[in-house]
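Where a number appears in this text, it was derived from the coordinates with a stated rule and is not lab data. From a predicted model like this one, the values you see are computed outputs, not experimental measurements. Don't worry about glycine lacking a Cβ; one is built from the backbone with ideal geometry, like all the others, and counts go over all protein chains shown.
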Amino acid sequence: MTKPFMRVSANGCHHNFSLWKGGKDAVLKLGGDGKTAMPDVFKYVGGGDNKFDPEGDDQRMPGKIGVWAAGGIIKHLPALTAIGASTVNSYRRLMDQGYWAPVYNNWGYQNRTCALRVSAPGRFEYRAVDSMVNPYLLNSALLAVMDEGISKQMDPGPLEQRNIYELELAGKKVTKLPNNLGSALDALEADPLVRSSMPGEMWDVFIDYKRDEWDKFLATVTAWDHETYMDCLP
């Protein structure tokens, strides 16, 4: 469950990634006699070039391919939120500000108030995702939007290094992510590219189940209703 308790941190599932080209297959040696697991389980690609690495003196700014990939993510963040934060309860995490949950549609260097963080030179951290995510669906969608960003050389705007919580309190106009599952599903249905990352029946099943989940929530009387309205006089 994403947010079992208010006023404490929730259960996120941040995705860290970079983009590599080249390299050679290698097997990670973990010791032992080698008979307890198949070697291929520990195979990885060693060496190669990280295409997100900085190209200039500013180690905060990814190279142009990384910037374009970020541009694709930023453009599609509202729709991606429906996949990364896929339950009604997911949005309790986004609403309970002050615990570094990503609420804002932007990116920044080592900035946990942003949905996309440059967590180290050459590495991104996608943060609008929690413990209830299906990682296969979200990774498919992230690949689709980064491919578009790179192909179309999309500009994500400047890196944000300020605390957006504080800026919003000070009156700065900010762009937020959807604040409930229904709004996120609306954004997803209006985004053909992100929808295409779930082809055929996969899309039909996902949207039907999630719309049903949202409708059932809207039709449910909760303890909050009782506490707020039971003894309320009009």
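To keep it simple, each residue is scored yes or no on (1) over 16 Å from the mean Cα position of the chain (by Cα); (2) within 17 Å of residue 183 (Cα to Cα); (3) acidic (Asp, Glu); (4) assigned to a helix (DSSP H, G or I).
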residue	(1), (2), (3), (4)
59	yes, no, no, no
62	yes, no, no, no
67	yes, no, no, yes
78	no, yes, no, yes
87	no, yes, no, no
93	no, yes, no, yes
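Is it true that some residue in segment 94-111 is closer than 14 Å to residue 14 by Cβ and of a type in the set (Asp, Glu)?
no
How about segment 203-234: which of its residues are touching a residue at least 12 places away in the same chain (Cβ under 8 Å) and within 30 Å of residue 152 (Cβ to Cβ)?
206, 207, 210
Tally up the residues in segment 113-131 that are over 12 Å from the mean Cα position of the chain (by Cα) and either in a loop (DSSP other than H, G, I, E, B) or of a type in the set (Phe, Trp, Tyr) (or both), please.
Start the filter on segment 113-131 by keeping residues that are over 12 Å from the mean Cα position of the chain (by Cα), which leaves 113, 118-123.
Restricting the remaining residues to those that are either in a loop (DSSP other than H, G, I, E, B) or of a type in the set (Phe, Trp, Tyr) (or both) gives 113, 121-122.
Selection size over segment 113-131: 3.
Could we say that residue 189 is acidic (Asp, Glu), within 16 Å of residue 82 (Cα to Cα) and either touching a Leu at 6+ places or on another chain (Cβ under 8 Å) or surrounded by 12 or more Cβ atoms within 10 Å (Cβ to Cβ) (or both) here?
On the way: acidic (Asp, Glu): yes; within 16 Å of residue 82 (Cα to Cα): yes; either touching a Leu at 6+ places or on another chain (Cβ under 8 Å) or surrounded by 12 or more Cβ atoms within 10 Å (Cβ to Cβ) (or both): yes.
The answer is yes for residue 189.
Considering only segment 205-213, I want to know if a residue exists there that is hydroxyl-bearing (Ser, Thr, Tyr), part of a helix (DSSP H, G or I) and surrounded by 10 or more Cβ atoms within 10 Å (Cβ to Cβ).
yes
Using the structure shown, decide if residue 168 is farther than 17 Å from residue 18 by Cα and either β-branched (Val, Ile, Thr) or not in a helix (DSSP H, G or I) (or both). Break it down stepwise before answering.
Numbers: farther than 17 Å from residue 18 by Cα: yes; either β-branched (Val, Ile, Thr) or not in a helix (DSSP H, G or I) (or both): no.
It is false that residue 168 is farther than 17 Å from residue 18 by Cα and either β-branched (Val, Ile, Thr) or not in a helix (DSSP H, G or I) (or both).
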